[in-house]
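Step one of this worksheet: look at the structure below.
The values are calculated or read from the model by the stated rules, or taken from the named source; none is laboratory data. From a predicted model like this one, the values you see are computed outputs, not experimental measurements. For neighbour counting, all protein chains shown are included, and Cβ atoms are generated from backbone atoms with ideal geometry for every residue, glycine included.
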């Protein structure tokens, strides 16, 4: 549901810090888990308000109940600061996806779309407060929302179902039509009048809209119309481009001479034209690999001019319009390089961007309409993304400040050391890659090695944060291994010749690049050739598989996901098989090559026909609905390894998943299964998890309790002839806390005349405040360390934890056996007071509670505990009111120590 803005403002300003405050970065940081990878936060899709004083942006969050990710919308006000940070308010929350925000022309409200109600509604939210308002429902859907003027929104949709489609529905005909040119139902661009609440069709195209963009003044509309349902990706004709004068309602076709599709259209501030990108290849026959170039289309002259980037490698990370100029992210091998291009008529002058050392590690998120503010992301392979905003004047940046700080829960995580490395690969060309170092690296020592090979191949690994469910070097390097992400031939960012080197020459350059990297690292004494593995997704899996074919004894483990093994079957079933396969294998399977009656590459370059060579233990992942790498490639791969029987193989099939895994459970399962496979076959280490052990079972609780220190059956540490309480460190350089409440036996070491019933040595002591204070003073004297009772702040935090954990602890609620109310608790206490038996239990009888990095027991039950000021927690005789976390006035109070 949408929340009231005023209440959200209060929530957004609350700080949820660590359990105990930390003054500096810990020397022994926490290790990464797959859950951390899933929960990493990223800012996306920021939009400046018309006056540049606000930014709407979204943050993706996992929703466990829905088993998927959704996006919430946030508003950051650049003219309001609190505690030195820009005021940020969460505008939407819940279990649905909110997206495509558009500011109203006056900046007082936003319009946006949502997955609620089947995604068919337009919503409006006032930035002054109140609930989101449903503006209109569009029965045929609504997408790609854009503001034309103060009273008009543009969007794409369809006209409705034809009789042909209606009759098919009535017949309950669920046949999926892959392509039927006689019954294409085109999408159109529509206008919605916000005042009249009326919808009108803007375009009359006969085939579906590809994309569209409206000029800032609302006078011009650019759009593309597809000519085939798959066009370029299936080596079909590229979309038509059109320009519409919305004042005269006239349309003309433009950009007819371009051999590659036109993409990323952005109008200039003066509305005189628009920039766009298009690829270039020496042989554009199948829309294959190339480099990306930047163009400008001038409306008055109806001409497109290529912007001279003065950079041979072309565009890498796209571009952003700033007024009439352009900020370009240039391809720079293992980085991106920002440059500023000032428009002067039909030419452009290039300037270096003014971000100093950050320049090669920055991606531009957004620039304000007037070109005076810039929002950008900085990260490296060893640093989580940070988001900054600054004033902008041409290529000059000033007054840089933090825009928003995300991932507070990951600030104390281990960050791997990394560097960009280069080596001589295929054709003696320079190859680049990102090398991650083992966590406890010692120069001169050899370490295990894992390849993380990117997909594409038209992609690249650059020096930026890249951990995801597919690749997670932070987790791998924790296992004390080197990880290399190589930019093999065929990758982007390295120039046209480099990208085209694998056309008709697939596999050979890539494998030579990678094996020469291994040779380099081995020669430097860094890696152990007897402990190497390879993993990758998509093309990364394809290369990993061929490595295990050509070098059967090189790798101890392989983890390919969504990779091909049979190029003949791929050609007929891959979504873009014609374009991809013909480009890299030199034509179709039936084409003659070297006077043979078929293209031999389809046979000789298919791992399936050499699969008997593979000796590497292999775990295979594939989505059941994958059309990029057809799903049955995974089955062919598995069947081959299974039937040959030379190596262990495991095959995980993800139902309902396309080329990339979308479900949270599937992403988690992939990572955990992969890590277990690597542990088993690279490190000869069996998984620690026992499949028969339920995590919260009584046996699991008892096993966890076994980790506690004991002496002759008594809980505690035996030091200097005395039984002392065991303490556990909450964080490095932080305080330590008693794992248990102080026991009778431990207290007797302090007070020899203290007596208790036989058999209750491990029960918690019940004593008075003066004795508790004397006990911690005695502990300090015995050990030379500083022991004390929790202070007020610590006791408050412990009380909050106790309240949350109370349901599983030894308190009156437990003894009641039902959901206790305050009224019944008062009556039950009368009955309890007549008991002759004690309700207390040995320490550690309740469920463990996790505090930071430590496991403690009996928070929320057994005995209440003294602090320096009062007491906190609940005893077995106390009612834990879930709606009141204030400490109770208990009669059964004991001690939990704090050690400085």
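Observations
- Which listed residue, of 719, 701, 767, is more than 46 Å from the chain's Cα centre (by Cα) and modelled with pLDDT under 95: 719
- Answer residue from the stretch 33-60, given it is exposed (fewer than 15 other Cβ atoms within 10 Å of the Cβ) and touching a helix residue (DSSP H, G or I) at 6+ places or on another chain (Cβ under 8 Å) and is nearest to residue 126 (Cα to Cα) among those: 39
- Evaluated against (1) over 14 Å from residue 867 (Cβ atoms); (2) touching a strand residue (DSSP E or B) at 6+ places or on another chain (Cβ under 9 Å); (3) modelled with pLDDT of 95 or more, residue 789 falls short on exactly one condition, (1).
- Residues that are touching a strand residue (DSSP E or B) at 6+ places or on another chain (Cβ under 8 Å) and either assigned to a strand (DSSP E or B) or within 15 Å of residue 863 (Cα to Cα) (or both) do not occur anywhere in the stretch 810-826.
Rundown of residues vs (1) in a helix (DSSP H, G or I); (2) not assigned by TED's automatic domain parsing to the domain that holds residue 482, yes/no style:
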site	(1), (2)
616	no, no
628	no, no
641	yes, no
647	no, no
650	no, no
658	no, no
670	yes, no
676	yes, no
723	no, yes
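- Residue in the stretch 561-582 that is crowded, with 24+ Cβ neighbours inside 10 Å, in contact with a strand residue (DSSP E or B) (Cβ under 6 Å, 6 or more places away or on another chain) and either at pLDDT 95 or above or farther than 19 Å from residue 460 by Cβ (or both) present: yes
- When 609, 651 are screened for being under 20 Å from residue 556 (Cβ atoms), surrounded by fewer than 18 Cβ atoms within 10 Å (Cβ to Cβ) and modelled with pLDDT of 95 or more, only 651 passes.
- If you go through the stretch 544-560 and pick out every residue that is outside any loop (DSSP other than H, G, I, E, B) and farther than 25 Å from residue 480 by Cβ, you end up with 4.
- Checking 439, 424 one by one, the residue that is touching a residue at least 40 places away in the same chain (Cβ under 8 Å), crowded, with 17+ Cβ neighbours inside 10 Å and either assigned by TED's automatic domain parsing to the domain that holds residue 660 or under 23 Å from the mean Cα position of the chain (by Cα) (or both) is 439 and no other.
- Yes/no for residue 130 being part of a loop (DSSP other than H, G, I, E, B), touching a residue at least 40 places away in the same chain (Cβ under 8 Å) and more than 30 Å from residue 661 (Cβ to Cβ): yes
- Of the listed requirements (1) loosely packed, with under 14 Cβ neighbours inside 10 Å; (2) free of Cβ contacts under 8 Å to residues at least 40 places away in the same chain; (3) assigned to a loop (DSSP other than H, G, I, E, B), residue 770 misses just one: (3).
- Selection of the stretch 873-885 for residues being buried (at least 18 other Cβ atoms within 10 Å of the Cβ) and either closer than 30 Å to residue 29 by Cα or without any contact (Cβ under 8 Å) to a residue 12 or more places away in the chain (or both) yields only 873.
- Residue in the stretch 348-360 that is touching a residue at least 12 places away in the same chain (Cβ under 8 Å) and in contact with a helix residue (DSSP H, G or I) (Cβ under 8 Å, 6 or more places away or on another chain) present: yes
- The lone exception for residue 504 - which of (1) part of a helix (DSSP H, G or I); (2) surrounded by fewer than 23 Cβ atoms within 10 Å (Cβ to Cβ); (3) in contact (Cβ under 8 Å) with a residue 12 or more places away in the chain it fails: (1)
- Listed by position, the strands (runs of 3 or more DSSP E) inside the stretch 148-203 whose residues that are surrounded by 13 or more Cβ atoms within 10 Å (Cβ to Cβ), at pLDDT 90 or above and within 37 Å of the chain's Cα centre (by Cα) number at least 3 are 152-158, 187-193.
- Of all residues in the stretch 414-446, those satisfying the criterion of being assigned to a strand (DSSP E or B), in contact with a helix residue (DSSP H, G or I) (Cβ under 7 Å, 6 or more places away or on another chain) and within 20 Å of residue 476 (Cβ to Cβ) are 433, 436.
- Considering residues of the stretch 724-739 that are touching a helix residue (DSSP H, G or I) at 6+ places or on another chain (Cβ under 9 Å) and within 21 Å of residue 862 (Cα to Cα) only, the residue surrounded by the most Cβ atoms within 10 Å (Cβ to Cβ): 725
- Taken together, the criteria place residue 519 among residues that are without any contact (Cβ under 8 Å) to a residue 40 or more places away in the chain and either more than 18 Å from residue 605 (Cα to Cα) or in contact with a strand residue (DSSP E or B) (Cβ under 9 Å, 6 or more places away or on another chain) (or both).
- Residue in the stretch 592-603 that is within 37 Å of the chain's Cα centre (by Cα), under 22 Å from residue 535 (Cβ atoms) and either at pLDDT below 90 or outside any loop (DSSP other than H, G, I, E, B) (or both) present: no
- Just one of the listed residues (468, 474) is assigned by TED's automatic domain parsing to the domain that holds residue 674, closer than 27 Å to residue 336 by Cβ, surrounded by fewer than 22 Cβ atoms within 10 Å (Cβ to Cβ) and out of contact with any helix residue (DSSP H, G or I) (no Cβ under 6 Å at 6 or more places or on another chain), and it is 468.
- Unique match (being assigned to a strand (DSSP E or B) and buried (at least 21 other Cβ atoms within 10 Å of the Cβ)) among 319, 295: 319
- Qualifying positions in the stretch 455-488 - in a loop (DSSP other than H, G, I, E, B) and within 14 Å of the chain's Cα centre (by Cα): 464, 465, 466, 467, 468, 469, 470, 471, 472
- Among the residues of the stretch 379-405, the ones that are within 30 Å of residue 475 (Cα to Cα) and crowded, with 16+ Cβ neighbours inside 10 Å come to 11 in all.
- Members of the stretch 404-413 that are in contact with a strand residue (DSSP E or B) (Cβ under 7 Å, 6 or more places away or on another chain) and part of a loop (DSSP other than H, G, I, E, B): 406, 407, 412
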